[in-house]
Amino acid sequence: DEGQKIITETELRAAANLGWKNNTHTPDPKIFERLRHYKHRLMAIDWGGGGEEDVSFTTAAVVGLLGDGSMEVVYGRRLLFLNNPLAEAMELMKIYNTFHCDHLAHDYNGAGSLHEVFMLQAGLSMDRVVPFVYYRSAAQDLVVYHGSEDDHHRSYYHLDKARSLKFLCELIKLQRIRFFDWDFVDVDNRGLLHDFLSLVEHKTDTARAGEV
């Protein structure tokens, strides 16, 4: 009641229209027929860390970029690994290679830097990695490149998390981002797309910036 959902189930269902189910262990053959139509293919990772009972809830999505700038999320998977980041990295590399991805984007904050090392050890090339660090700024662009420095050798991109999620949901509403079929089954098997429904916009008054 304190906030407003920024995307509805109806809007998500409308964008989940690629025409195949997200079978995590046996990807639909239609996906591989579709891959050649993409200008660019990437895998995006949200690192889960240690969750309940030390289980990681790392989630990966495979996305294809079309020539008109629209995107298709062809495959997604939530990995439920016990505390074993190297095994997790090796499994993610299998997904990366299976779908012939060009780049990997991930949240570099905190444990992300360590996970990146494991991905590199599992065979990923450094020049294929696009690391993001979340920040908040109403004055800067949504994405800002941050070069390497003497005290931090790794270059990365600053990403305004709240604004980017809002922008993402608007693209979904316009079906500029589309997905595999709606994958919610029941409360015990929620799928992946249902996660978007947890996003809520809550506005707060501040002394300097007004409403944020």
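A few notes on this one:
- Which numbered condition SER113 fails, given (1) touching a residue at least 60 places away in the same chain (Cβ under 8 Å); (2) over 22 Å from SER198 (Cα atoms): (1)
- Subset of region 172-182 [touching a residue at least 60 places away in the same chain (Cβ under 8 Å), open to solvent by 30 Å² or more (accessible area, probe 1.4 Å) and not in a strand (DSSP E or B)]: LYS173, GLN175, ARG176, ASP181, TRP182
- Looking only at region 124-140, and only at residues there that are at pLDDT 90 or above and in a loop (DSSP other than H, G, I, E, B), the one that is surrounded by the fewest Cβ atoms within 10 Å (Cβ to Cβ): SER125
- Every condition in (1) at pLDDT below 95; (2) of a type outside the set (A, V, I, L, M, F, W, C); (3) touching a helix residue (DSSP H, G or I) at 6+ places or on another chain (Cβ under 7 Å) is met by GLU11 except one, and the failing one is (1).
- Figure legend. Inter-residue proximity from region 144-160: first residues under 14 Å from GLU116 (Cβ atoms), second residues aromatic (Phe, Trp, Tyr), beta-carbon distance below 7 Å, spacing 6+ or different chains. Indicated pairs: TYR156/TYR108; TYR156/PHE132; TYR157/PHE132; TYR157/TYR145.
- Taking first residues from region 78-96 that are outside any helix (DSSP H, G or I) and partners that are of a type in the set (Lys, Arg) and surrounded by 13 or more Cβ atoms within 10 Å (Cβ to Cβ), no Cβ contact under 7 Å between residues at least 6 apart in sequence or on separate chains turns up.
- Candidates in region 141-151 are the residues that are assigned to a strand (DSSP E or B) and surrounded by fewer than 11 Cβ atoms within 10 Å (Cβ to Cβ); of these, the one that is farthest from the chain's Cα centre (by Cα) is GLU149.
The values are calculated or read from the model by the stated rules, or taken from the named source; none is laboratory data. The shown structure was predicted, so the numbers you read here are calculated from the model rather than taken from an experiment. Backbone-built Cβ (ideal geometry, glycine too); neighbour counts: all protein chains shown. Ligands, DNA and RNA are excluded from the accessible area calculation, which covers all protein heavy atoms including side chains. Shrake-Rupley method; radii C 1.70, N 1.55, O 1.52, S 1.80 Å.
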